[in-house]
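*Asks:* Next up is a structure, given as C-alpha cells.
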Amino acid sequence: MMIEIRRHGRGGQGARTASRILSIAALKKGYHIQSFPTFGPERMGAPIEAYNRISDEKIEIHSGVYEPDHVIVLDDTLLGSVDVLRGLKPNGTLTVNTPKSPEEIRKELNVPEGIKIGTINATRLALEILGRPITNTAMIGARAKVSGVLPLDVIIEAIKEVFPPNVAEKNVELIKRAYEEVRV
C-alpha cells in the first residue's frame, strides 16, 4: 500500500510544515514516509506544492508525485490558476479551504463523480483560533476526516512534537474543530 498526497498552497501558509507533520504522524504508526516541497522563486505568496508518500513498505520512488490519491488546497484563490485536479486518481479525495460546499466545488472544477470532496472555511477557523490566516493545521484536520489516512490522535501527537506547547495547544484545537466542521 502506498498513498501519495499533494498540497497546493502559497508560500507562508504552511504547506511544507503540514507535509512534515503528516510524515511524523505516519512514522509514529510505523509507515515509511517521504515529505518534500516544490516551488519556484521562494517568496511569500508564491504558489507551492508539498508532497507526502506513505507506505507500509520501503519507498524506492524518488520523483515528484504525479498521480496523487489525495489533494489538499490551502488557498482557494489557486483554483482559478492551478490545475489542482492534475493526475488525481479517479477514487481520490479533494479537500479545499473554501466557504463553498462540496457540490459547488464539484460543479466549479468539473470534478468527476468518483472523487470525494471535502470543504472547510479553514481561513475563518484559523483567524478565530490562531488570530492569523495560517490554514495548514486546519487542513490537516479536515483531510484526516475526508481521507481517513491517519487517525486524529496520532496527528495530534505529531503537532505536539513540532510546535512549542502554547502554539501546539491552539493548533490541536484548530485541528479538532476542522475535523468536526469539514463538509463532505
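The values are calculated or read from the model by the stated rules, or taken from the named source; none is laboratory data. Owing to the predicted nature of the structure, the values given are computational and were not obtained by experimental measurement. Note: ideal-geometry Cβ built from the backbone for every residue, glycine included; neighbour counts use all protein chains shown.
*Asks:* Are any residues in segment 69-108 in contact with a Gly (Cβ under 6 Å, 6 or more places away or on another chain) and either in a loop (DSSP other than H, G, I, E, B) or hydrophobic (A, V, I, L, M, F, W, C) (or both), and if so, which ones?
*Replies:* Correct list: Asp69, Leu74, Asp75, Pro90, Asn91.
*Asks:* Within segment 26-59, track down each residue that is at pLDDT 95 or above and more than 21 Å from Ile140 (Cα to Cα).
*Replies:* Glu57, Lys58, Ile59
*Asks:* Another question, then. Quick test for you: out of Ile72, Ile33, Ile3, Ile24, pick the one residue that is of a type outside the set (D, E, K, R), under 17 Å from Val149 (Cα atoms) and buried (at least 23 other Cβ atoms within 10 Å of the Cβ).
*Replies:* It is Ile72.
*Asks:* Return the only residue of Gly114, Gly64, Gly131 being touching a Pro at 6+ places or on another chain (Cβ under 8 Å), surrounded by fewer than 19 Cβ atoms within 10 Å (Cβ to Cβ) and in a loop (DSSP other than H, G, I, E, B).
*Replies:* After applying the criteria, what remains is Gly114.
*Asks:* Shifting gears a bit: May I ask you to say which residue of Val146, Val82 is more than 30 Å from Tyr31 (Cα to Cα) and surrounded by 14 or more Cβ atoms within 10 Å (Cβ to Cβ)?
*Replies:* Criteria check complete, one pass: Val82.
*Asks:* Of the residues Val149, Val73, Val65, only one is β-branched (Val, Ile, Thr), touching a His at 6+ places or on another chain (Cβ under 9 Å) and within 14 Å of Ala15 (Cβ to Cβ); which?
*Replies:* The match here is Val73.
*Asks:* Please go through segment 134-158 and give me each residue that is small (Gly, Ala, Ser) and either within 15 Å of Ala18 (Cα to Cα) or not in a loop (DSSP other than H, G, I, E, B) (or both), ordered by number.
*Replies:* Hits for segment 134-158 are Ala138, Gly141, Ala142, Ala144, Ser147, Ala158.
*Asks:* Looking for something in contact with a strand residue (DSSP E or B) (Cβ under 8 Å, 6 or more places away or on another chain) and at positive phi - is there at least one such residue anywhere in segment 89-106?
*Replies:* no
*Asks:* A further question on this structure: Would you call Gly141 under 14 Å from the mean Cα position of the chain (by Cα) and among the small types (Gly, Ala, Ser)?
*Replies:* Judged against the criteria, Gly141 is a match.
*Asks:* Picking from Ile159, Ile175, which residue would you name as being over 12 Å from the mean Cα position of the chain (by Cα) and either over 19 Å from Ile5 (Cβ atoms) or of a type outside the set (Phe, Trp, Tyr) (or both)?
*Replies:* Residue meeting the stated conditions: Ile159.
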